[in-house]
Structure formats: structure tokens, C-alpha cells
1. Please go through the range A:200-224 and give me each residue that is among the β-branched types (Val, Ile, Thr) and within 14 Å of chain B (Cβ to nearest Cβ), ordered by number.
2. Hey, can you tell me all the residues within the range B:70-93 that are in a loop (DSSP other than H, G, I, E, B) and more than 14 Å from B:MET194 (Cα to Cα)?
3. Given the criteria within 30 Å of B:ILE105 (Cα to Cα) and open to solvent by less than 70 Å² (accessible area, probe 1.4 Å), does A:CYS72 qualify?
4. Could you grab me the full set of residues in the range B:222-235 that are surrounded by fewer than 19 Cβ atoms within 10 Å (Cβ to Cβ) and farther than 21 Å from B:GLY32 by Cα?
5. Find all pairs meeting these conditions: Cβ atoms under 8 angstrom apart; at least six residues apart or on different chains; first residue within the range B:79-95 and more than 7 Å from chain A (Cβ to nearest Cβ) and over 17 Å from B:VAL150 (Cα atoms); second residue among the acidic types (Asp, Glu) and open to solvent by 10 Å² or more (accessible area, probe 1.4 Å).
6. Considering every residue within the range B:58-69, establish whether at least one is more than 10 Å from chain A (Cβ to nearest Cβ), outside any strand (DSSP E or B), farther than 30 Å from B:PHE240 by Cα and open to solvent by less than 10 Å² (accessible area, probe 1.4 Å).
7. Return the pair list, or none, for Cβ contacts closer than 9 Å from residues in the range A:164-188 that are on the phi > 0 side of the Ramachandran plot to residues that are surrounded by fewer than 19 Cβ atoms within 10 Å (Cβ to Cβ) and of a type in the set (Asp, Glu), at least 6 apart or on different chains.
8. So which helices (runs of 4 or more DSSP H) stay within the range A:1-107 end to end and still have 2 or more residues that are at pLDDT below 95 and out of contact with any strand residue (DSSP E or B) (no Cβ under 9 Å at 6 or more places or on another chain)?
Amino acid sequence: MDVFSDPTNRDVYVTGFLWILKLTAASSVFALVIGTALAAMRVSPVPVLRAFGTAWVNIFRNTPLTLIIFFCYFGLYSTLGFTASDNLELNNYWLGVIGLSVYTAAFVCEAIRSGINTVPAGQAEAARAIGMTFRQTLTMIVLPQAGRAVIAPLGSIFIALSKNATIVGTIGLAESSNAMKDLINSNGNAVFQIFFVFAGTFAVVLIPTGYGFGWLANRLAVKR
Amino acid sequence: MSDDALIVLENVNKWFGPLHVLDDVNLSVARGEVVVVIGPSGSGKSTLCRAINRLEPINSGTITFDGVPLPAEGRALARLRSEVGMVFQSFNLFAHKTILQNVMIGPVKVRKEKSVEVHDRAMALLERVGIANQADKYPAQLSGGQQQRVAIARALAMQPKAMLFDEPTSALDPEMVGEVLDVMTSLAREGMTMVVVTHEMGFARHAAKRVVFMADGQLVEEAPPAEFFASPKSDRAKDFLSKILTH
């Protein structure tokens, strides 16, 4: 009766969530780095960089994530022969990380850009007035303040990312939604139990994460 | 223009759309001179002040600092700005840095000086402006007058050749104006080259070597303060002074 007392099933469940954790961890780091770089491009005085940043955001923010993940698999891997690892499972994992990162980076970029708008123009002016270059002004004065202003929205983006990571199941990675599907297939009598355990696991981890980001946002807020 | 001129503006023009904010302005500021710019709101005084370190680009004319025309945006301009201290109406202290970090960041990051040496200099400057005991606080924890004094220390930390003050006391509560003017007065006495945009006529009277009166983007009149306040020549200056000095 109890699906999760079976060690094999428990293993499927744990492996599924470990994949979600790994997908989220790697993708959030890449998305944060790429997204910050994109935001810097979008506020830079160089038209080509601005255009690149804008194009990235418009393309990836408006394409369904499922399509992007499919493209990574069928386009990058199957057609163009891009292989991230000889291990099939790891290869799917990295293809998933690429898709999740480029997609999430677009949202991170826009969050940080809105954060930049919360930094008073006088801050950048003062930085320029003491002789800082554009780069120094951005990295030492504007971005640190912008980043603190958008911790809460970034938290929402990363929470969304962790749930979006289940889409990588569509290209064969045994992450949690795939694991759930497998368990339901072999335990049709326990659909609700399986469903609530999987959904509950997300909730149990993500609700405190959300509060954590809120706490951090308050703690690091720049007083004006 | 004398050899000793540090800041020279020649035929400077600037438009904000149809508004002619700087109308053929010529001004030369000698080394060690304190020039106070006064005039009604919207007369272009702030724009003039900000044009000197190119925070405000101009449309035509030339601005020369220490014999060199202002470079276009880029590293050369950044280097020039590091030699010109600027104090803003709204202080603009870096909100995420402590008072001490605000004063140190320029020499350490822009000039690449050693932070040990800069630390001592920064503390000495904070001591001088009377805020050394607040060094580890954040700007938001200080009063306006204190913040503005830190802003002056931050500018001085770069050991600038000249200081620009863009209405430094206009955002302050009346009881805090004095403490900021005191610091500025002592700077003027020490021979710092200063361009000060202000509404503080008292400061203009006792600290300025020359008063420049602007109206509608034009530099209408310039004279030593005693002469200017006693017998302004232009009607606009007379009108302006009659409005502010009768109360």
C-alpha cells in the first residue's frame, strides 16, 4: 500500500529531486551571471551591446521553455551534434542546464535592470565625478545597490526556475516529474499519495526559500 | 586669459531642446580663486558648474582645465574628473558604503593607492570635517549637514586641483547650513580653487574673490563681492538682489 516504503520507489523519488536540485543550482548560477551581464549590456552606452541584450530578452523571454529545451535536445544535440557529456544522462542534464540558463537569464536581466532604475541617478553621477569609468561605476556603485533592491524578485525567479526544471523530464532526464510519472504508472492505486508527496516536497522546500529571500531582501536593503 | 587660469570657458553654449541654458558663456577661473555663481533659478548656474567636469556635455565652445581641453567620454575624461572635486546639492554619498569607504573608494579604486595610506588620509579628512567618530556608519544614519561634509571629504580625498560646489547647502535644514559653509570657508582660505553655485549671500560676501551673476543662461555681471553687492551694474542683478536682500 505505502508506495514510499519500497526502497526502489524511494530511490526513484530521491533521484528525481536530486536532479531538480542540481538543475536548479547550476542553472541559477549561470542565469545570474548571464543575466547580470545582459543587464550591464542593456544599460551600456554601446549600441551593439544594447541591441544584443534586448534581442536576447525578447527571444528567450517570449519562447515557451518546453520549446527551448526541445531545441537544446533536437537542435543542439541531435542535429548539430553538440555533446556535453558521453554519459547520456549527464548529457541530458547539461542540455537542460543550457536551456534553463538562457531562458532564466532573460528574466534575471529584466529584474536587475529594474533594480538599476531604483538607484538614484546621483549615485552614478557621484561615481563619475570622482573619476570612475563606466565599468567601475556599474560594478562598484550601481549593480551592488541594484542587486540588493531585487533580491525578492530574484527569489521568485529562482523559485520558478526550480519548478521549470521539471520540463527537462521531457528530454528523458529522470527528474522529479518523470519520477512521479513512473511511480504512478506502476502504482495506479496510489495516485493521490504520490502526487501529494511530490507536490508537498516542492512546497516544503520552496516556501521557506521564499521567506528566506524576503528576509535577506530586508536585511540587505540599502537605507536611503 | 592669464597664464594662471585653471578653468577657462570660451563661448560655451548649451541647449536643452529649445531652451538656451548656456548662452555664449565666457569665464576664467584662476588658480586659488574662489568664484561664487549666483542668479535666479533656471539661470543656468548649475549647468555651468556641471559642464566644467562634463557631467553636462555642451553643444559648442571650449572648456579648458589646467591647459587641457575637456576630453570626450572615456578614460581621459575619467582622469580629468578625478582631479576636479564635485559636491552635489543632494550629497550623493554611496548609500551601500560606510562613511569611511565613501571617502576611501576614489583614491583606492580610481588612483589605485594603497588602502593603508588612504585610510590615514581619509580619517584625517573626516577629522577635519568633524565626522571621524561616525566613520563606520552608513550615509542614511547621518544628518544632511554631516552627509554633505562627508561628501566634501570624499572629494578632497582625491587631492583635487579644483572643487565644484553645486548648491551644496540648498537641501539642508537651516541649522546645518553653517557647519557646511564653515568647511567651505576654511578650504577657500587655504587657497583651494573653487567654483560655488549657491544662494548663500553671506558666503559669497566673505569667501568669494569674485561673484558671477547669471540670468537666462547668460553671464550678466562679474565683480568682487563688495562691489557687486554694494552697486550692481545691471538691472537684472539689481532686481535679483532687491528681491533676496530685503527679507
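1. Residues of the range A:200-224 that are among the β-branched types (Val, Ile, Thr), as a first pass: A:201, A:204-205, A:207, A:209, A:222.
Residue satisfying the conditions is A:VAL222 alone.
2. Let us first name the residues in the range B:70-93 that are in a loop (DSSP other than H, G, I, E, B), namely B:70-74, B:83, B:88-93.
Within the range B:70-93, B:LEU70, B:PRO71, B:ALA72, B:GLU73, B:GLY74, B:GLN89, B:SER90, B:PHE91, B:ASN92, B:LEU93 qualify.
3. Working: within 30 Å of B:ILE105 (Cα to Cα): no; open to solvent by less than 70 Å² (accessible area, probe 1.4 Å): yes.
Judged against the criteria, A:CYS72 is not a match.
4. Those that are surrounded by fewer than 19 Cβ atoms within 10 Å (Cβ to Cβ) and farther than 21 Å from B:GLY32 by Cα: B:PHE229, B:ALA230, B:SER231, B:LYS233, B:SER234, B:ASP235.
5. Final answer for the pair search is B:GLU83/B:ASP66.
6. From the range B:58-69, those more than 10 Å from chain A (Cβ to nearest Cβ) are B:58-69; that's our starting set.
Next cut, outside any strand (DSSP E or B) only: B:58-59, B:66-67.
Filter once more, keeping what is farther than 30 Å from B:PHE240 by Cα: B:66-67.
Cutting the leftovers down to open to solvent by less than 10 Å² (accessible area, probe 1.4 Å) gives us none.
No, every residue in the range B:58-69 fails to be more than 10 Å from chain A (Cβ to nearest Cβ), outside any strand (DSSP E or B), farther than 30 Å from B:PHE240 by Cα and open to solvent by less than 10 Å² (accessible area, probe 1.4 Å).
7. A:GLY172/A:GLU89
8. Values: elements: A:7-43, A:47-61, A:65-70.
Passing ranges, in order: A:7-43.
The values are calculated or read from the model by the stated rules, or taken from the named source; none is laboratory data. Please read these numbers as outputs of a predicted model, since none were measured by experiment. Note that we place each Cβ from the backbone using ideal geometry, even for glycine, and neighbour counts take in every protein chain shown. These accessible areas exclude ligands, DNA and RNA; they are computed on the full protein's heavy atoms, side chains included. Shrake-Rupley method; radii C 1.70, N 1.55, O 1.52, S 1.80 Å.
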